[in-house]
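The values are calculated or read from the model by the stated rules, or taken from the named source; none is laboratory data. Please read all numbers here as calculations on a predicted model, not as lab measurements. Please note: Cβ atoms are built from the backbone with ideal geometry, for glycine as well, and neighbour counts cover all protein chains shown.
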Amino acid sequence: MFTNNKIELISQPNCSFVSIGNSKLLVVETLTSQKKYLQIPDCICLEKKDKFLLVSLLNNRPESFLIYEKYLNFLKRWLKTFENPFKKRLILKGLGLKINISENLKFLEMKLGFSHLLKVKIPSKFLKISVNKNILIVEGSDATKVGNFVELVRNLKFPDSYKGKGFWYKNEPRILKEIKKT
C-alpha cells in the first residue's frame, strides 16, 4: 500500500505562501500583493517550511490516494500560474502620439491626437505597468484583469485601417486598406 511520503513544492519566485489556516485553506500572496485562496482536502496535510510547501497524505485508503494525486497535480498547475504572470504589449503607432506614466504612478497619461491629454487610472493593486518609448507593457497574475485593462486602453485609439495609427498588439498582423486614388 501507500506510505506517508512528503513531496516538496518549491515556492514560485512571484508568490509567497502566507499561511495554512486551521480551516484547511492555503493562502498565497502574489507579486501584486493580491491574496489567492485554495481549499485543502481533509485527507491531505500541508506544511510550510521556508520556501517549500510539504504535502503529505494523512491515511492509507485508496480513495484518499486518488484525491492526493489529483490535488497535487492541480496544486502544481495552480502555482505555475504565479510563476509566469500574464503579459500583454501594446505598440502606439503614429506621429505625435505619446504615452507616459504619471509621477505618482497612479495614472497613464496619453497624448492621442485629441485636444486634451487623456488620463486612465491604473489599478495598481492587480497590474504592473511599464512604458518604453511607445510600447506599453501590462503584467498581472489575473488574465482577465490584464486583458480588460489592455482593451480599455486600446479602445481609446483603435488602430486606423488606412494609415495604421493607434494601439496595436505586439504581434498583431497589420493589414492596411488601400487609399482610393482619383
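Residue by residue, here is whether (1) touching a strand residue (DSSP E or B) at 6+ places or on another chain (Cβ under 8 Å); (2) farther than 30 Å from Asn171 by Cα; (3) at pLDDT 85 or above holds:
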residue	(1), (2), (3)
Leu53	yes, yes, no
Lys70	no, yes, yes
Trp78	yes, no, no
Asn84	no, no, no
Leu92	yes, no, yes
Gly96	yes, no, yes
Leu108	yes, no, yes
Exercise. Ser141: closer than 30 Å to Ile40 by Cα and either outside the structural domain of Leu26 (by TED's automatic domain parsing) or surrounded by 12 or more Cβ atoms within 10 Å (Cβ to Cβ) (or both), yes or no?
Worked result: yes
For this session: Kindly indicate which of Ile40, Ile67 is surrounded by 17 or more Cβ atoms within 10 Å (Cβ to Cβ) and not assigned by TED's automatic domain parsing to the domain that holds Thr144.
Result: Ile40
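Does Asn155 fit the bill of being in a helix (DSSP H, G or I) and either over 19 Å from the mean Cα position of the chain (by Cα) or at pLDDT below 90 (or both)?
Against the criterion (in a helix (DSSP H, G or I) and either over 19 Å from the mean Cα position of the chain (by Cα) or at pLDDT below 90 (or both)), Asn155 qualifies.
Yes/no per residue for (1) of a type in the set (Asp, Glu); (2) within 30 Å of Glu47 (Cα to Cα):
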| site | (1), (2) |
| --- | --- |
| Lys80 | no, yes |
| Lys111 | no, no |
| Ile129 | no, no |
| Leu136 | no, no |
| Ile175 | no, no |
| Glu178 | yes, no |
For this session: For Lys119, indicate whether it is at pLDDT 90 or above and under 25 Å from the mean Cα position of the chain (by Cα).
Result: yes
